[in-house]
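Let me begin by presenting the structure, written as structure tokens, before commenting on it.
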Amino acid sequence: MVDDHPQPPTRDDVAQKLRDLAAGKKSPEEVSDWAQPWVYDDDLPEVEDELVWDTLDKLTAADTQSQPGAYMFTTTDFHAWQEEFEAARRSQR
């Protein structure tokens, strides 16, 4: 039997997306689009790692606009998200 579903993102996967987002290597839309299926698609495997889940949930909002053409979150926010994730990751080792 072949598993048609990808494996849930790992902490390393999430850390890389946060780094890419904070560095401007990935757009807020790209990262949000990557995170959304893991949060909203019931057909994908469940994300069991609470830190990964919470961060994916946050990343789904990366492309939220406060008004047309103006993002609610900036690179300053993305750097803070990255720092929070890394701090939580270190504390759970």
*the chain, helix-only ellipticity at 222 nm - DSSP H runs n ≥ 4, -39,500 (n - 2.57), divided by all residues, nearest 500*: -18000 deg cm²/dmol
*Measuring from the lowest to the highest alpha carbon on each principal axis, how far does the stretch 1-72 reach, largest first, in angstroms?*
46, 22, 21
*asked:* Among 57-70, 21-34, how do they line up by average Cβ neighbours within 10 Å per residue, starting with the highest?
replied: 21-34, 57-70
*Of all accessible surface on the chain at a 1.4 Å probe, what whole percent is carbon and sulfur?*
46 percent
*At a Cα cut-off below 18 Å, give the aspartates and glutamates reachable from residue 17, other chains included and same-chain residues fewer than 8 away excluded.*
29, 30, 33, 49, 50, 54, 57, 63, 77, 83, 84, 86
*Taking only protein heavy atoms and a 1.4 Å probe, what accessible area per residue, in Å², does the chain have with all protein chains in place?*
65 Å²
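The values are calculated or read from the model by the stated rules, or taken from the named source; none is laboratory data. Predicted model, so just to flag it, every value in this text is computed and none were measured. Here the Cβ is made from the backbone with ideal geometry for all residues, glycine too, and neighbour counts use every protein chain on show. Just the protein is used for accessible areas: all its heavy atoms, side chains included, with ligands, DNA and RNA removed. Shrake-Rupley method; radii C 1.70, N 1.55, O 1.52, S 1.80 Å.
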